[in-house]
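What follows is one structure encoded as structure tokens, with my remarks underneath.
The values are calculated or read from the model by the stated rules, or taken from the named source; none is laboratory data. Just so we're clear, the structure is a prediction, and the values are computed from it rather than from any experiment. Counting neighbours? That spans all protein chains shown, and the Cβs are built from the backbone with ideal geometry, glycine included.
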Amino acid sequence: MPDYTTYNKLVNSPSELLQNRQEEQFLRFHIEPETKIMLPIEQVTEVLKIGVGKVVPIPQMPSWVMGVYNWRGEILWIVDLGHLIGLNPWYQQEVNATNHTAVVLSYSNQSHNNRNKSQISLGLIMTRVEDIEWCNPDGIQSPPASAITSALAPFLRGYWVKPDGQIILVLDGDAIITAMPQN
């Protein structure tokens with residue numbers, strides 16, 4: 001005999017089903033030991049381990065640009081995300097590692113005539129990647145202006161309070177990619 005429990009649950013509680021559809025996935029990670037951040041999973045392409053000596057510094061770039069890395073035969077710009085948003089730079093943190101943890105963000109730049117579409121990717125260095133969170137975007141709140149720094153403000157989508165009370169900053173990956181200097 002078939003089990004109709006799941007079916008009945010979905011039919012009898014459409015608002016619960018609708019609520020689950022509204023949730024999005026976010027990648028949760030740490031930049032400093034106490035700073036938890038999330039990025040929309042749709043903006044994340046890959047998580048990499050990069051040898052510390054494999055990032056080639058580029059002169060005359062902002063201090064938060066660590067350099068470039070050969071990723072899949074392409075040049076991937078590597079950014080110290082903590083430094084970019086006004087936290088301690090990676091090299092000042094107490095991290096004893098031979099590898100960087102990088103999250104690769106991707107952004108599709110499509111022109112108005114839909115003919116010229118380019119993919120822009122950027123590697124963000126962080127302390128560690130944790131997990132994937134399901135979050136209803138309506139639950140992301142705007143912080144008070146006095147609670148954020150001017151360095152963080154352009155990249156902050158808001159913050160989310162988990163059911164257990166943890167506060168997680170939610171960043172906008174497109175804003176981070178847009179901050180890169182144009183060559």
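Looking across region 157-168, the residues that are touching a helix residue (DSSP H, G or I) at 6+ places or on another chain (Cβ under 9 Å) and either touching a residue at least 40 places away in the same chain (Cβ under 8 Å) or exposed (fewer than 14 other Cβ atoms within 10 Å of the Cβ) (or both) come down to 160, 161.
If the condition is being assigned to a loop (DSSP other than H, G, I, E, B) and either modelled with pLDDT of 50 or more or on the phi > 0 side of the Ramachandran plot (or both), then region 2-54 contributes 23, 31, 32, 33, 34, 35. Within region 137-147, is there a residue that is under 17 Å from the mean Cα position of the chain (by Cα), more than 30 Å from residue 58 (Cβ to Cβ), in contact (Cβ under 8 Å) with a residue 60 or more places away in the chain and not in a strand (DSSP E or B)? The answer is yes, given that some residue of region 137-147 is under 17 Å from the mean Cα position of the chain (by Cα), more than 30 Å from residue 58 (Cβ to Cβ), in contact (Cβ under 8 Å) with a residue 60 or more places away in the chain and not in a strand (DSSP E or B). Within the set 177, 132, 148, 168, the sole residue that is of a type in the set (Val, Ile, Thr) and closer than 13 Å to residue 86 by Cα turns out to be 148. Number of residues in region 97-115 that are more than 24 Å from residue 39 (Cα to Cα) and modelled with pLDDT of 65 or more: the value is 1. Inside region 61-105, residues that are under 13 Å from residue 180 (Cα atoms) and either touching a Pro at 6+ places or on another chain (Cβ under 6 Å) or part of a strand (DSSP E or B) (or both) make up a count of 10.
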